[in-house]
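These notes concern the structure reproduced below.
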Amino acid sequence: MVSDRIFGLVVTLAALAYVVSATQIQTSFMADPVGPKTFPILVGCVAILCGVIVMIRPDPDPDWPAMRTFASLAVAVAVLVAYAYALKPMGFLIPTAIAASVLSYQIEPRPKNAVLAGFGLSIGLFLIFKFALGLGLVAFPKGLIG
């Protein structure tokens, strides 16, 4: 119950800050009758209402996962951050294969299957993004392909 109340308070405060920032939106002389402020303020008010409801009617305390789960989540976040930084210098295929392999291994710890999934996802996603969606991806590092 305490965790829900804390979460509700955080949501309410963040939504209040969102509404206050939405009131600072400048309107142009060609704005529609409702104006650009209305939708963000409406979203913020709904979020405030939801946060207050969570504080008033919290669920029973949840059973939190073991620390091993949090460690797995930390590894996944670190892999995805490293992946984002590795894309530009290393191209698409190598970092995607490594990241997908590590994340696949975390889902089911079978090294052979994880590596196969990583390579399959890397090649499949590259083909979809490059040719079906027309994105300008670089497959490998520029120094590797000349």
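Data for the structure
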| item | result |
| --- | --- |
| Selection count, segment 116-134, where residues are on the phi < 0 side of the Ramachandran plot and open to solvent by less than 70 Å² (accessible area, probe 1.4 Å) | 9 |
| Selection count where residues are open to solvent by 60 Å² or more (accessible area, probe 1.4 Å) and out of contact with any helix residue (DSSP H, G or I) (no Cβ under 7 Å at 6 or more places or on another chain), scope segment 1-13 | 5 |
| Residue match in segment 45-56 (condition: out of contact with any helix residue (DSSP H, G or I) (no Cβ under 6 Å at 6 or more places or on another chain) and either within 30 Å of Gln106 (Cβ to Cβ) or not hydrophobic (A, V, I, L, M, F, W, C) (or both)) | no |
| Some residue of segment 100-112 being open to solvent by 60 Å² or more (accessible area, probe 1.4 Å), among the charged types (D, E, K, R) and closer than 28 Å to Ala14 by Cβ | no |
| Options Val46, Val79; residue that is assigned to a helix (DSSP H, G or I), open to solvent by 60 Å² or more (accessible area, probe 1.4 Å) and modelled with pLDDT of 95 or more | Val46 |
| Inter-residue pairs, beta-carbon under 7 Å, first without any contact (Cβ under 8 Å) to a residue 60 or more places away in the chain and in segment 120-146, second surrounded by fewer than 13 Cβ atoms within 10 Å (Cβ to Cβ), 6+ apart | Phe129/Leu135; Pro141/Pro89 |
| Single residue of segment 49-69 satisfying the filter (assigned to a helix (DSSP H, G or I), out of contact with any Lys or Arg (no Cβ under 9 Å at 6 or more places or on another chain) and open to solvent by less than 100 Å² (accessible area, probe 1.4 Å)) that is nearest to Ser101 (Cα to Cα) | Thr69 |
| Test: residue in segment 17-32 that is in contact (Cβ under 8 Å) with a residue 40 or more places away in the chain, touching a Lys or Arg at 6+ places or on another chain (Cβ under 8 Å) and of a type outside the set (Gly, Ala, Ser) | no |
| Selected residue [hydroxyl-bearing (Ser, Thr, Tyr), part of a helix (DSSP H, G or I), under 30 Å from Ser122 (Cα atoms) and touching a residue at least 24 places away in the same chain (Cβ under 8 Å)] from Ser72, Ser3 | Ser72 |
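The values are calculated or read from the model by the stated rules, or taken from the named source; none is laboratory data. Source: prediction; values computed, not measured. Cβ coordinates were reconstructed from backbone atoms using ideal geometry, including for glycine residues, and neighbour counts include every protein chain displayed. With ligands, DNA and RNA removed, areas are computed over all heavy atoms of the protein, side chains included. Shrake-Rupley method; radii C 1.70, N 1.55, O 1.52, S 1.80 Å.
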